[in-house]
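Working notes, structure below.
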Amino acid sequence: VAGPGRAGPPKEHSVVPAERVIAELDYGDRFGVYDFTGVQYFSWIRSHSVHLRGEQGEVLNTSVNFLKDFCTPVSFELARRDTGHYGNLEGHALQTIEGGGEIWYRSPFLDSAPRWSDDEIAVATSLQKMQHYVTGGPDFYSAAEAAQDRYLDILIAQSVASGQSVQAEHQDWMG
């Protein structure tokens, strides 16, 4: 069912096509699954899903489970702390992501950008890091990494279009 768009809520009930792409990425020593549905950004009924799994633990949406050492499992939930709720008059904005007694993320734009979406915060963070890089700071997302990510995106699209597996070739930008 059609959800909101940039112009606001839908004007009438309508069903729109939604394509879900699931791709398996085999890196030899690692394995990834790409699972994406474009309508998830503008749907009131489609949930986001994050699943990261490594040798020492995993993150599944907001649940974190890992081994502190070989015999000590640790589990906690990540919690989003937003301003502007329950009588807070600071305006609605992401403040932190917390869990297990730690702050894992703090919005660097809280004072200057209330009501920014997570996507807007991510773009602003990238622009800020680019500014630091061009003035002599460290890079944070190299042109080679960006090219490789786009290359994988193109290969996934080719696989979807053909219905066949595709094989990545070594690219010069990867060294």
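The values are calculated or read from the model by the stated rules, or taken from the named source; none is laboratory data. For clarity, every value in this text was computed on a predicted model and none was experimentally measured. Here the Cβ is made from the backbone with ideal geometry for all residues, glycine too, and neighbour counts use every protein chain on show. Note: areas computed on protein heavy atoms with side chains; ligands, DNA, RNA excluded. Shrake-Rupley method; radii C 1.70, N 1.55, O 1.52, S 1.80 Å.
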Handout entry: Label point distance in nm, VAL59-ARG6, each placed 7 Å from Cα along Cα→Cβ
Key = 2.9
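Share of Cα-Cα pairs in segment 120-165 beyond 16 Å, in percent? Intermediate results must be reported in sequence, preceding the final value.
Numbers: 578 of 1035 pairs.
When every Cα pair of segment 120-165 is considered, 56 percent fall beyond 16 Å.
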Completion exercise
Per residue convex hull volume, Cα only, segment 1-87, in Å³ is 156
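With a Förster radius of 25 Å, plug the Cβ-Cβ distance of TYR34 and SER14 into 1/(1 + (r/R0)^6) and report the FRET value to the nearest 0.05. Please list the in-between numbers first.
Values: r = 28 Å, r/R0 = 1.12.
The pair TYR34/SER14 has a calculated efficiency of 0.35.
I'd like to check one number: the per residue accessible area of segment 6-102, probe 1.4 Å, reported in Å² as a whole number.
Numbers: 8000 Å² over 97 residues.
Result: 82 Å² of accessible area for each residue.
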Practice task
Calculate the radius of gyration of the Cα atoms of segment 44-137 to one decimal place, then report Dmax, the largest Cα-Cα distance, as a whole number, both in Å.
Solution key: 16.5, 46
Exercise for the section: Leaving ligands, DNA and RNA out of it, work out the accessible area of HIS51 with a 1.4 Å probe and give it in Å² to the nearest 10. Expected result: 90
Problem - TYR41-VAL21 FRET efficiency (beta carbon distance; Förster radius 22 Å; 0.05 resolution) - result: 0.95
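Quick one: net charge of GLY32's neighbours, Cβ under 9 Å, K/R +1, D/E -1? Display every interim value, and only then the final one.
Numbers: positive: ARG30; negative: GLU24, ASP26.
Charge balance near GLY32 sits at -1.
Using the Kirkwood formula on the Cα atoms of the chain, what hydrodynamic radius do you get, in angstrom to one decimal?
20.1
When the accessible area of segment 1-85 is computed with all protein chains present and a 1.4 Å probe, what percentage of it is carbon and sulfur? List each step's numbers first, then the result.
Working: 3860 of 7050 Å².
Its accessible area is 55 percent carbon and sulfur atoms.
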Practice task
For TYR105, enumerate residues with amide H under 5 Å from its amide H, sequence gap 5+ or separate chain, H modeled in the peptide plane.
Solution key: ILE97
Handout entry: Added length on full extension, which subtracts the Cα-Cα distance from 0.36 nm per residue, GLN148 to VAL166
Key = 5.0 nm
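How high is the relative contact order of the chain, given as a whole-number percent (alpha carbon pairs under 8 Å, six or more residues apart)? The partial results should precede the final answer.
Values: 193 pairs, mean separation 15.2, N = 175.
Computed value for the chain: 9 percent relative contact order.
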